[in-house]
Amino acid sequence: MLFKGIHPSNPSKASIATIIIGFFLMGAAFYSFIVLAEEVVEEQKFAIDQMATDFVSAVNTPSLENFMGTITETGAVWWLTSGSLLILVYLIFISDKSNWLWIFFVINMIGISALTKGLKLIFERQRPEVLAKYDGVGFSFPSGHSSGSITFYGFLIYLVAVSHLNQKWKWVINILLGLLTITIAVSRTFIGVHYFTDILAGLALGLGWLLICIASLEMMLFRKRRRKSSSKKETMSS
């Protein structure tokens, strides 16, 4: 099977360091979101939004805008829903991993959808431009394409990282997934349906939620390994 089952029952120094870095990133992500949210509530104008708008105006072309319009679809609800169903089928029926894997994947995707929609209704920030063609309708903050993409593709990055794939291919696939995630987020500014701060908030929110889900999953798997190890020792001693 694709996924590893060789995590030790006792965490290594590398694992501990990864956990510490993960919690730091989680805290930084949520802090960034809160800072942006406070400014949005106060209806502050962001210099970075204007800078991003000016930059897009300077470099954008019809061809580039069409390309970004195509890329943005890989972060659309229909695309992420279809992809999530395919991943679920694999995790439930093909993968040899614990049931916790698909359960937390579902929590990851449904949770970020609920969080994003709820926050949009709370902040009620209007879009710079309404464009139904690219799902540019409804409220703007935070960007749903950004939050949804980083949670979906971020979980795929996690799955690749714990798989049996060659290390070289892990790097190649995960770099491509990371670049796709960033490009999807940036595309929302190029097609004019989001402020840049919407994108930053969406990425921060999605990253924080993703890390919570992965950390919770790893703790569950760790407990399962510990129980299995203890049970094996008891059997051997008896």
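Values in this text are rule-based calculations from the coordinates and carry no lab data. Please read these numbers as outputs of a predicted model, since none were measured by experiment. Methodologically, a virtual Cβ is constructed for each residue, glycine included, from the backbone with ideal geometry; neighbour enumeration extends over all protein chains shown.
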Label-reachable residues, region 170-196, where backbone N falls under 18 Å from a point 7 Å from L64's Cα toward its Cβ: 180, 182-196
In the chain, lysine pairs closer than 15 Å at Cα, eight or more apart or cross-chain: 7
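Subtracting the Cα-Cα distance from 0.36 nm times the residue separation, let me have the gained length for S163 to I20 in nm, one decimal.
Numbers: separation 143, 0.36 × 143 = 51.48 nm, distance 2.19 nm.
Length difference between fully extended and current span is 49.3 nm.
What FRET efficiency comes out for I107 versus K133 if R0 is 35 angstrom and r is the Cβ-Cβ distance? Round to the nearest 0.05. Don't jump to the answer; show the numbers that get you there.
Values: r = 31 Å, r/R0 = 0.90.
Once rounded, the FRET efficiency stands at 0.65.
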Rg to Rh quotient for region 44-187, alpha carbon positions, Kirkwood Rh: 1.01
For the chain, calculated [θ]222 nm from helices alone, where every DSSP H run of n ≥ 4 adds -39500 (n - 2.57): -26500 deg cm²/dmol
Amide hydrogen neighbours beyond the local backbone of L131, cut-off 5 Å, H modeled: G136, V137
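By average Cβ neighbour count within 10 Å, what is the ranking of 161-167, 147-153, 107-113 from highest down? Before the final figure, lay out the partial values.
Working: 161-167: 13.4, 147-153: 27.9, 107-113: 18.7.
Descending mean neighbour count gives 147-153, 107-113, 161-167.
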R0 of 25 Å, Cβ-Cβ distance R223-Y31: FRET efficiency to nearest 0.05: 0.30
